[in-house]
Amino acid sequence: MTVIAMPEVLIQYQAEIWQAIGETFIMVGVSILAAILIGLPVGTVLFICRRGQAFENQTVFSVVNLFVNVIRSFPFLLLVVFLIPFTRLLIGTAIGTAAATVPLSIIAIAHYSRLVEQALLDVPKGVMEAAISMGASMKEVIIKFLYVEARSGLVLGLTTSIISFISYSTIMGVVGGGGIGDFAIRYGYQQFKTDLMVYMIVIMIILVQLIQFTGTSVSRWIDKR
Amino acid sequence: MISLHNVSKSFSGVPVIQSISLSIAQGDIHGIIGASGAGKSTLLRLINLLETPDSGTVEVSGHKLTALTNKQLRQTRKSIGMIFQHFNLVANKTVYENVLVALELAKYPKGERRKRALECLRFVGLEHFQTKYPAQLSGGQKQRVAIARALANHPNVLLCDEPTSSLDPHTTAEILTVLTDINQRLGVTIVLVSHEMKVIKSICNRVTVMTEGTVHDTFSITPKGIQETESSAGHLVEQLMDDGDRDA
Ligand SMILES: Nc1ncnc2c1ncn2[C@@H]1O[C@H](COP(=O)(O)OP(=O)(O)OP(=O)(O)O)[C@@H](O)[C@H]1O
Ligand SMILES: [Mg+2]
């Protein structure tokens with residue numbers, strides 16, 4: 001029987017690595033929740049209020065559109081710094097993993113809402129019309145028709161978003177957020193343990209591959225069009 | 001049953017429907033014909049207020065639609081069926097689910113939804129297709145699902161916008177037969193928009209001819225009946241040969 005030997009540095013830093021992975025999962029997990037719970041409704045508002053749609057509302061559209069654009073215009077690092085007072089107000093501190101989830105959630109909402117808007121734009125207009133002709137309310141049009149018809153696009157969009165969230169989470173070291181990216185920088189780069197850095201990169205690659213594979217499979221499986 | 005009174009509609013300043021008044025009696029199959037761009041679809045969509053008129057009133061089955069609140073309008077729409085040229089089925093729902101959703105919207109009694117959905121599918125001859133998705137059906141079958149969906153909540157009016165315009169002659173005859181059935185057996189008033197003279201002539205008993213957003217004329221005709229067209233390959237060859245000799 002052959003035993004694949006675990007590289008020594010990984011064994012040596014086991015505890016720190018597991019902690020870093022845990023921190024990444026918390027940061028990305030909260031971002032995903034924010035994306036689904038708030039980004040999805042925000043993207044839906046962007047879609048249904050745009051010009052030419054059945055529930056057109058220029059004012060609401062302009063306000064939400066501006067908000068999303070402003071958030072997305074910030075270089076992410078600056079957004080993190082800019083939001084420090086807000087984070088402190090919300091969490092009580094601007095330092096640590098919990099605090100890091102605040103700017104991450106804000107960018108997650110802005111990021112995913114755009115992809116939701118795009119996915120909904122792919123739904124044929126006639127489907128909404130049929131729904132309205134059957135007496136569906138706005139809520140029913142959205143839940144029973146739009147989301148059903150756009151579901152594979154919504155899943156693919158979320159997949160793309162999650163991968164971006166992982167990337168955003170790697171710089172949260174600046175506010176003591178930790179995570180795999182921060183670990184790779186502090187131990188791998190700053191302490192010249194290049195092998196450790198490479199292993200961290202490999203972990204990230206595997207993670208991203210897994211997420212993309214899952215997202216693609218699920219979206220294909222639920223697509224009956 | 002349906003009456004429009006001085007209804008006008010314009011899109012970004014361009015008048016598309018110009019002060020049209022029209023009444024359609026209970027039990028009619030009322031055709032609307034006219035050139036492309038004459039405003040046929042817009043007129044039809046004004047009947048269930050899919051387009052809101054700029055002025056004028058719309059009345060269906062005793063309800064003055066133009067005077068209703070949003071909630072009341074939605075309620076009234078549940079008894080006005082509508083079918084479209086491109087079917088507009090939900091591609092991610094099965095045939096059965098597509099019909100079921102109409103019953104859910106109408107708050108049809110929960111325990112009877114399944115029975116009613118299957119009954120409607122049987123009416124259009126598709127009860128064996130209930131677990132299929134629209135992508136697995138032919139155009140004619142998709143339109144029949146759309147008809148089943150429109151019938152689900154016992155409408156008294158069925159609005160049809162070019163329901164056969166993307167179908168071949170044989171399938172067109174099939175759909176027209178279903179529409180006549182709905183009219184005769186269920187007593188549903190039908191408004192049928194089409195640019196195909198043959199379609200209008202075969203089943204309509206009253207016709208409105210439109211031109212440039214106005215009604216040119218409305219009059220009664222005697223429906224000619226649906227011509228059963230054959231679509232067998234042999235018959236197609238025969239028809240081709242009829243009009244000229246075959247080359248070599
Ligand atoms: N939502 C809209 N926005 C702007 N213009 C529109 C809209 N809907 C229809 N129109 C215009 O109104 C006119 C009438 O359109 P309508 O679709 O009612 O014609 P139609 O008689 O049904 O034609 P067709 O036989 O081609 O379907 C056309 O000039 C069309 O471009
Ligand atoms: Mg038309």
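The values are calculated or read from the model by the stated rules, or taken from the named source; none is laboratory data. As the structure is a prediction and not an experimental result, all values here were calculated from the model. Neighbour counts run over all protein chains shown; Cβ positions are idealised from the backbone, glycine included.
Annotations
- Scanning region B:125-141 turns up at least one residue that is in a helix (DSSP H, G or I), without any contact (Cβ under 8 Å) to a residue 40 or more places away in the chain, more than 14 Å from the chain's Cα centre (by Cα) and within 12 Å of chain A (Cβ to nearest Cβ).
- Matching entry among A:Ile205, A:Ile201 (being among the hydrophobic types (A, V, I, L, M, F, W, C), more than 30 Å from A:Arg88 (Cβ to Cβ), in a helix (DSSP H, G or I) and out of contact with any helix residue (DSSP H, G or I) (no Cβ under 9 Å at 6 or more places or on another chain)): A:Ile205
- Given (1) crowded, with 24+ Cβ neighbours inside 10 Å; (2) closer than 25 Å to A:Ser152 by Cα, index of the condition B:Gly139 fails: (1)
- Taken over region B:154-171, the criterion of being within 16 Å of ligand 1 (Cβ to nearest atom) and out of contact with any His (no Cβ under 9 Å at 6 or more places or on another chain) is satisfied by B:Leu159, B:Cys160, B:Asp161, B:Pro163, B:Thr164, B:Leu167.
- Scanning region B:1-50 for residues that are among the aliphatic types (A, V, I, L, M) and either surrounded by fewer than 16 Cβ atoms within 10 Å (Cβ to Cβ) or closer than 23 Å to B:Thr180 by Cα (or both) yields a count of 13.
- Scan region B:62-86 for residues that are within 16 Å of ligand 2 (Cβ to nearest atom) and either assigned to a strand (DSSP E or B) or without any contact (Cβ under 8 Å) to a residue 24 or more places away in the chain (or both) and the total you get is 2.
- Residues in region B:190-206 that are more than 16 Å from ligand 2 (Cβ to nearest atom) and more than 17 Å from B:Ala150 (Cβ to Cβ) were compared, and the one that is farthest from the other protein chains (Cβ to nearest Cβ) is B:Lys201.
- With respect to (1) assigned to a helix (DSSP H, G or I); (2) on the phi > 0 side of the Ramachandran plot, the lone exception for A:His111 is condition (2).
- Scope region B:70-113; condition facing another protein chain (nearest Cβ under 9 Å), aliphatic (A, V, I, L, M) and either within 16 Å of ligand 1 (Cβ to nearest atom) or over 23 Å from A:Phe55 (Cα atoms) (or both); matching residues: B:Met82, B:Ile83
- Considering region B:87-108, the residues that are assigned to a loop (DSSP other than H, G, I, E, B) and of a type in the set (Ser, Thr, Tyr) include one that is nearest to A:Ala130 (Cα to Cα), namely B:Thr94.
- B:Arg116, sole failed condition from (1) more than 14 Å from every other protein chain (Cβ to nearest Cβ); (2) part of a loop (DSSP other than H, G, I, E, B): (2)
- Reported count of residues in region B:164-198, each being touching a Ser or Thr at 6+ places or on another chain (Cβ under 8 Å) and under 21 Å from B:Phe123 (Cβ atoms), is 8.
- From A:Gln19, A:Gln14, A:Gln58, residue being over 30 Å from B:Phe11 (Cβ atoms) and exposed (fewer than 14 other Cβ atoms within 10 Å of the Cβ): A:Gln14
- Matching residues, region B:52-110, being farther than 18 Å from B:Phe129 by Cβ, small (Gly, Ala, Ser) and surrounded by 15 or more Cβ atoms within 10 Å (Cβ to Cβ): B:Gly56, B:Ser61, B:Ser79, B:Gly81, B:Ala106
- Hits in region A:82-95 (condition: within 23 Å of A:Ile163 (Cα to Cα) and at pLDDT below 95): none
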